[in-house]
Amino acid sequence: MIDNPLPPGSTIGILGGGQLGRMLSVAASRLGLRTHIYNDAPGAPAFDVAAETAVGAYDDLEAVARFSERVDVLTCEFENVPAMALEAAGRTACLFPPVKSFEVAQDRLAEKDFISGLGIAVAPYAPVATLADLKDAILRVPPPALLKTRRFGYDGKGQAGIHTICGAESAWESIGEAPSILEGMVAFEREVSVIVVRSHDGSMRYYDLVENVHKGGILDTSTVPANITSALEKEAQAIAGNIAEALGHVGVLAVEMFQTGGASPSLFVNEIAPRVHNSGHWTQDACLVSQFENHIRAICGWPLGDVTRHSDAVMTNLIGDDVDAWRQDAAEPCAALHLYGKSEARPGRKMGHVTRIAPKA
Ligand code: AMP
């Protein structure tokens with residue numbers, strides 16, 4: 001717990017040096033705060049914009065501890081920081097969000113159990129540790145279904161579709177026989193997410209609900225406003241708030257959901273991210289205070305900033321060689337270009353994003 005807001009000039013330690021760390025660092029600097037960034041490889045995107053940097057493995061607990069001794073507060077820009085590193089870092093500096101948020105988000109089974117335990121709807125699921133478990137689970141969660149590894153899955157990685165009961169063996173093999181969950185496919189009409197920020201005193205602010213379109217498992221566009229009723233938007237925000245509260249979360253939490261269609265649309269939580277999220281990048285250009293700044297404010301014990309949206313927005317990710325169009329993107333009116341400073345545009349790699357804004361309809 002931080003009793004008093006950390007004053008400008010304080011140093012925020014960030015575990016992880018990707019684009020999220022980079023944008024957190026830029027937001028911190030706008031408030032007169034410094035960042036010290038730890039990453040497991042040199043040349044990280046966030047290193048270009050940090051006051052101090054450190055390179056070390058995440059399981060080098062001594063290096064992590066040395067890093068955390070030099071900062072006033074700690075946060076992470078990715079959820080898969082090993083539990084031991086979080087613990088080592090948290091011994092010398094306060095860590096926000098709390099370890100609990102990471103424990104839940106790192107393991108799809110813990111995540112589903114936690115969320116459904118709060119009475120919130122999730123897709124039908126069953127734990128899978130062996131092929132025999134999977135064959136058994138298919139009877140309870142019939143195809144079409146997805147086999148998802150419990151850990152280290154992101155952007156659709158670590159997943160295999162099961163379309164008939166004969167598909168068990170090949171799916172099990174394709175995810176490397178790793179501990180998993182079998183999850184029923186939700187016939188959703190749209191994917192939405194809530195970006196909520198929670199402060200030390202438990203107060204929360206919600207950004208407007210955003211509608212997301214994925215291509216090949218990777219986020220392609222995020223659009224606000226989402227094409228959803230205000231009653232359903234309030235319900236989605238209440239769900240996200242319940243989860244943040246139950247975790248004792250401090251900072252930004254992203255909650256991804258499926259919305260089914262028909263006469264009585266419903267929401268199913270897909271997953272949570274205890275950090276700033278790609279589906280919240282639009283807040284940089286369409287809100288007074290972005291998700292990045294509000295995460296920094298929350299972890300530093302500052303008052304939360306205004307989340308009001310002043311414009312409609314569509315954020316488009318620049319994946320792989322999409323980034324080659326940077327000149328056209330830079331010249332486009334009402335478009336804000338964000339590039340992450342990555343030198344090599346590999347397929348599937350997030351290189352930047354463009355947010356196109358328009359006056360609120
Ligand atoms: P995830 O890694 O769980 O976020 O999954 C990546 C994407 O796969 C999601 O954004 C959805 O488009 C799709 N997906 C994941 N789980 C399901 C599900 N249970 N039903 C339908 N589509 C899904």
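Selection within the range 205-218: residues that are open to solvent by less than 50 Å² (accessible area, probe 1.4 Å) and not charged (D, E, K, R). The member of this set that is modelled with the lowest pLDDT is Gly217.
To keep it simple, each residue is scored yes or no on (1) within 30 Å of Val196 (Cβ to Cβ); (2) among the aliphatic types (A, V, I, L, M); (3) touching a helix residue (DSSP H, G or I) at 6+ places or on another chain (Cβ under 9 Å).
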residue	(1), (2), (3)
Glu332	no, no, no
Lys342	yes, no, yes
Ala345	no, yes, yes
Gly348	yes, no, yes
Ala358	yes, yes, no
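Beta carbons closer than 6 Å, at least 6 apart along the sequence or on distinct chains, pair a first residue in the range 114-129 that is open to solvent by 40 Å² or more (accessible area, probe 1.4 Å) with a second that is assigned to a loop (DSSP other than H, G, I, E, B) for Pro124/Val141; Ala129/Pro179.
Does at least one position in the range 35-51 carry a residue that is hydroxyl-bearing (Ser, Thr, Tyr), in contact (Cβ under 8 Å) with a residue 40 or more places away in the chain and open to solvent by less than 50 Å² (accessible area, probe 1.4 Å)? No, every residue in the range 35-51 fails to be hydroxyl-bearing (Ser, Thr, Tyr), in contact (Cβ under 8 Å) with a residue 40 or more places away in the chain and open to solvent by less than 50 Å² (accessible area, probe 1.4 Å).
Applying a threshold of 7 Å to beta carbon distances and a minimum spacing of six or more residues, or different chains, the list of pairs starting in the range 64-87 at a residue that is under 13 Å from Ala273 (Cα atoms) and open to solvent by 10 Å² or more (accessible area, probe 1.4 Å) and ending at one that is of a type in the set (Gly, Ala, Ser) and in a loop (DSSP other than H, G, I, E, B) reads Glu77/Gly16; Glu77/Gly18; Phe78/Gly16; Phe78/Gly18. Output the residue which, of all residues in the range 152-189 that are of a type in the set (Phe, Trp, Tyr) and within 8 Å of the ligand (Cβ to nearest atom), is least open to solvent (accessible area, probe 1.4 Å). So the residue we want is Phe188. Looking only at the range 293-313, residues that are in a strand (DSSP E or B) and among the acidic types (Asp, Glu) come to 1 in all.
Total residues in the range 220-270 satisfying the condition of being more than 30 Å from Leu74 (Cβ to Cβ) and part of a helix (DSSP H, G or I): the figure is 6. Within the range 219-245, residues that are without any contact (Cβ under 8 Å) to a residue 40 or more places away in the chain and surrounded by fewer than 18 Cβ atoms within 10 Å (Cβ to Cβ) reach partners that are among the charged types (D, E, K, R) and part of a strand (DSSP E or B) with beta carbons closer than 8 Å, at six or more positions or on different chains, in the pairs Asn227/Arg190; Asn227/Glu211.
For Ala105, the test of being assigned to a strand (DSSP E or B), crowded, with 20+ Cβ neighbours inside 10 Å and out of contact with any Phe, Trp or Tyr (no Cβ under 8 Å at 6 or more places or on another chain) is failed.
Rundown of residues vs (1) open to solvent by less than 40 Å² (accessible area, probe 1.4 Å); (2) more than 19 Å from Asn278 (Cβ to Cβ); (3) at pLDDT below 95, yes/no style:
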position: Gly320; (1), (2), (3): yes, no, no
position: Asp329; (1), (2), (3): yes, no, no
position: Cys334; (1), (2), (3): no, yes, no
position: Leu339; (1), (2), (3): no, no, no
position: Lys350; (1), (2), (3): yes, no, no
position: Thr355; (1), (2), (3): yes, no, no
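The values are calculated or read from the model by the stated rules, or taken from the named source; none is laboratory data. Because the structure is predicted, anything quoted here is derived from the model rather than measured. Please note: Cβ atoms are built from the backbone with ideal geometry, for glycine as well, and neighbour counts cover all protein chains shown. Surface accessibility is based on the protein's heavy atoms, side chains included, excluding ligands, DNA and RNA. Shrake-Rupley method; radii C 1.70, N 1.55, O 1.52, S 1.80 Å.
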